[in-house]
Amino acid sequence: MSTKAAPGGCGGSSPRASTFDLDQPWRVDDRVAVRPEPFGALLYHFGTRRLSFLKNTTVLAVVRSLAEHPSARSACAAAGVTPAALPVYERALATLAASQMISQRAAP
Amino acid sequence: MTAATVAPERPAQPQPVPKLVQQFELGLAAPICLTWELTYACNLACVHCLSSSGRRDPRELTTAECKAVIDTLERMQVFYVNIGGGEPTVRPDFWELVGYATAHHVGVKFSTNGIKIDPAVARRLAASDYVDVQISLDGATAEVNDAVRGPGSFATALRAMENLRAAGFEGFKVSVVMTRHNISQLDELKELADCYGAQLRLTRLRPSGRGADSWHELHPAAGQQRQLYDWLVSHGEQVLTGDSFFHLAPYGGPLPGLNLCGAGRVVCLIDPVGDVYACPFAIHQEFWAGNVRADGGFESVWRDSELFAELRRPQSGGACASCQFFDSCRGGCMAAKFFTGLPLDGPDPECVQGYGTEALNAADPAAAPRPALDHSHRGGVRGRPEPVPVTIGSRPQSLPTHACDENPLAGFPG
């Protein structure tokens with residue numbers, strides 16, 4: 001809903017992370033573009049006009065492979081996320097879900 | 001644009017990950033926000049116009065050249081462009097270009113004074129996810145607005161806003177440049193935007209373009225800066241700022257958004273003749289990075305320009321390095337310093353610690369660099385009998401206009 005121009009760059013709101021089900025199948029929303037960057041990636045949602053940053057390449061690998069996995073948990077494991085690190089990635093995915101960057105897809 | 005940082009606060013992997021803002025200072029593969037001014041033509045003659053617009057430049061990019069730029073932006077995954085001018089909607093091919101951009105996955109937000117936003121246009125705009133509109137308005141009353149933007153401009157903007165509202169366009173932007181005359185109207189401006197279902201966007205007045213001549217009379221007084229900061233803090237993320245007020249952070253902490261100068265790192269400007277500058281407020285040879293007509297086009301300018309490489313190197317804080325607030329304001333705005341004649345590695349002219357005022361008092365105003373280009377109307381414009389102050393700018397040698405010229409940048413400095 002919010003965009004802004006500008007010299008300084010961009011800013012805005014961080015959606016609240018809500019509950020996120022790691023065991024459901026997820027996908028990147030059709031209206032989201034993913035642009036890899038040295039630090040990870042930028043995501044832009046053309047519908048909500050929101051920008052998000054992925055701060056490392058592991059979370060990028062998770063996001064990119066979501067649609068190929070039966071669950072987000074499986075996508076995380078395949079990208080090398082350790083069980084100890086999983087809660088951090090779960091929160092990141094929950095934030096993406098809350099801002100509609102990713103959405104649940106129908107179970108296969 | 002709204003930026004939600006999604007990620008591990010602490011890296012889950014062993015390698016250290018620098019803070020995002022530090023990553024941004026090193027530059028990105030493509031800009032996050034790209035401003036593209038499509039024409040220098042404008043029906044108004046605002047006294048603070050940062051591009052000194054008025055008359056069309058005969059060398060402006062053709063429709064085909066604009067489409068080639070859009071193709072490049074699509075390839076670079078520039079998600080959207082902020083189109084401005086001049087008044088971009090007066091370009092006869094404006095809607096064609098907007099359509100071409102959105103069909104090529106480049107979203108468009110365009111700034112307009114509202115002159116062409118009639119009910120039919122408003123309905124068309126409301127129907128597209130990929131187009132956002134920003135109406136420029138510099139006061140909550142005709143009196144305050146028209147003193148800066150010209151007689152009748154308040155009515156034009158409100159008519160456009162009414163058309164957008166009636167068409168069901170929710171969340172378009174109302175963009176206000178903050179001056180000492182409208183800071184007292186912050187609440188009224190917010191009410192006005194709310195009433196039209198729009199979102200308020202406030203930006204900083206820069207001494208760029210014709211603003212070089214009006215900044216000293218228009219920029220907010222010191223007490224007003226504090227008032228603005230407090231108001232922004234209390235309204236948080238409901239109000240957009242273009243991240244333009246990071247120089248106010250030492251009052252008590254960062255405002256929402258990126259707190260850094262994005263020039264050449266995450267933003268840049270393409271001007272109507274294809275020149276690329278570090279930011280929209282820096283139309284001057286000093287900040288010229290290249291031209292999209294050259295071999296390699298915009299992509300090569302973004303990646304290879306010497307100026308951008310310099311801007312992406314770690315910057316020293318200069319005279320500001322020893323200030324305890326340097327980490328929050330980062331020395332402020334490069335363009336504001338440049339056009340007020342202050343050194344780039346010193347304080348911002350509106351430094352909240354007062355160092356800028358001291359520096360301005362010590363600087364020779366006559367020695368401040370002049371904006372390089374001037375497309376101001378030569379006579380009066382509609383409803384404005386007196387011509388706005390016009391300075392004869394030294395401009396680069398003109399580009400060759402013949403298609404058969406071997407080097408499209410022949411004679412062009414840089």
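The values are calculated or read from the model by the stated rules, or taken from the named source; none is laboratory data. Everything numeric here is computed off the predicted structure, so don't read it as measured data. Positions of Cβ are generated from backbone atoms using ideal geometry, with glycine treated the same way; all protein chains shown enter the neighbour counts.
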Could you check the stretch B:13-69 and list, in sequence order, the residues that are at positive phi and at pLDDT below 95? B:27
Looking at (1) away from every other protein chain (no Cβ under 14 Å); (2) closer than 30 Å to residue B:332 by Cα; (3) in a loop (DSSP other than H, G, I, E, B), can you tell me which one residue B:207 breaks? (1)
Please verify whether residue A:43 is in contact with a Leu (Cβ under 9 Å, 6 or more places away or on another chain), more than 7 Å from chain B (Cβ to nearest Cβ) and hydrophobic (A, V, I, L, M, F, W, C), treating the condition exactly as stated. yes
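Would you pick out the residues in the stretch A:1-31 that are hydrophobic (A, V, I, L, M, F, W, C) and modelled with pLDDT under 95? Walk me through how you get there before you give the answer.
Filtering the stretch A:1-31 for residues hydrophobic (A, V, I, L, M, F, W, C) gives A:1, A:5-6, A:10, A:17, A:20, A:22, A:26, A:28.
Passing the criteria: A:1, A:5, A:6, A:10, A:17, A:20.
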Within the stretch B:174-212, restricting to residues that are among the charged types (D, E, K, R) and buried (at least 23 other Cβ atoms within 10 Å of the Cβ), the one that is farthest from residue B:227 (Cα to Cα) is B:210
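Those residues that are hydrophobic (A, V, I, L, M, F, W, C) and within 21 Å of residue B:51 (Cβ to Cβ), I need them from the stretch B:324-343; list them, please. Reasoning before the result, please.
First, pick out the residues of the stretch B:324-343 that are hydrophobic (A, V, I, L, M, F, W, C): B:325-326, B:329, B:333-336, B:338-339, B:342.
Across the stretch B:324-343, the qualifying residues are B:333, B:334, B:335, B:336, B:338, B:339.
Taking the stated definitions as given, is residue B:89 at pLDDT 95 or above and within 18 Å of residue B:41 (Cβ to Cβ)? Spell out how you get there, then give the answer.
Numbers: at pLDDT 95 or above: yes; within 18 Å of residue B:41 (Cβ to Cβ): yes.
Here the answer is yes, as residue B:89 does meet what is asked.
Let's see how each residue does on (1) more than 18 Å from the chain's Cα centre (by Cα); (2) more than 7 Å from chain A (Cβ to nearest Cβ); (3) of a type in the set (Lys, Arg); (4) within 19 Å of residue B:23 (Cβ to Cβ):
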{"site": "B:225", "(1), (2), (3), (4)": "yes, yes, no, no"}
{"site": "B:229", "(1), (2), (3), (4)": "yes, yes, no, no"}
{"site": "B:235", "(1), (2), (3), (4)": "yes, yes, no, no"}
{"site": "B:238", "(1), (2), (3), (4)": "yes, yes, no, no"}
{"site": "B:242", "(1), (2), (3), (4)": "no, no, no, no"}
{"site": "B:246", "(1), (2), (3), (4)": "no, no, no, yes"}
{"site": "B:251", "(1), (2), (3), (4)": "yes, yes, no, no"}
{"site": "B:259", "(1), (2), (3), (4)": "no, yes, no, yes"}
{"site": "B:268", "(1), (2), (3), (4)": "no, yes, no, yes"}
In the stretch B:289-309, what residues are within 14 Å of residue B:30 (Cα to Cα) and either more than 20 Å from the chain's Cα centre (by Cα) or away from chain A (no Cβ under 14 Å) (or both)? B:297, B:298, B:299, B:300, B:301, B:303, B:304, B:305, B:308, B:309
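Consider residue B:316 carefully, then state whether it is modelled with pLDDT under 95 and in contact with a Phe, Trp or Tyr (Cβ under 9 Å, 6 or more places away or on another chain).
So residue B:316 does not fit the description; no.
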If residue B:153 meets every condition in (1) closer than 14 Å to residue B:113 by Cβ; (2) within 14 Å of chain A (Cβ to nearest Cβ); (3) of a type in the set (S, T, N, Q) apart from one, which number is that one? (2)
Checking the conditions here, which among B:233, B:273, B:301 is touching a Lys or Arg at 6+ places or on another chain (Cβ under 6 Å) and either free of Cβ contacts under 8 Å to residues at least 60 places away in the same chain or not in a helix (DSSP H, G or I) (or both)? B:273
(1) within 14 Å of chain A (Cβ to nearest Cβ); (2) not in a loop (DSSP other than H, G, I, E, B): which one isn't true of residue B:286, the others all being true? (1)
Kindly list the number of the only condition in (1) within 19 Å of residue B:268 (Cα to Cα); (2) assigned to a loop (DSSP other than H, G, I, E, B) that fails for residue B:83. (2)
Go through the residues of the stretch B:181-203 one by one and say whether even a single one is more than 26 Å from residue B:371 (Cα to Cα), part of a strand (DSSP E or B) and of a type in the set (Val, Ile, Thr). no
Answer yes or no as to whether residue B:90 is closer than 28 Å to residue A:44 by Cα and aliphatic (A, V, I, L, M). no
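For (1) of a type outside the set (A, V, I, L, M); (2) assigned to a loop (DSSP other than H, G, I, E, B); (3) within 14 Å of another protein chain (Cβ to nearest Cβ), each residue gets a yes or a no:
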site: B:115; (1), (2), (3): no, yes, no
site: B:132; (1), (2), (3): yes, no, yes
site: B:138; (1), (2), (3): yes, yes, no
site: B:146; (1), (2), (3): yes, no, no
When every residue in the stretch B:129-143 that is of a type in the set (Val, Ile, Thr) and surrounded by 20 or more Cβ atoms within 10 Å (Cβ to Cβ) is compared, the one nearest to residue B:174 (Cα to Cα) is B:135
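Yes or no, residue by residue, for (1) assigned to a helix (DSSP H, G or I); (2) farther than 29 Å from residue B:76 by Cα; (3) modelled with pLDDT under 95:
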residue	(1), (2), (3)
A:42	no, no, yes
A:47	no, no, yes
A:53	no, no, yes
A:59	yes, no, no
A:63	yes, no, no
A:77	yes, yes, no
A:84	no, yes, no
A:93	yes, no, no
From the options B:74, B:96, residue that is within 14 Å of chain A (Cβ to nearest Cβ) and part of a helix (DSSP H, G or I): B:74
Only one residue in B:180, B:201 is within 19 Å of the chain's Cα centre (by Cα), more than 17 Å from residue B:337 (Cβ to Cβ) and basic (Lys, Arg). Which one? B:201
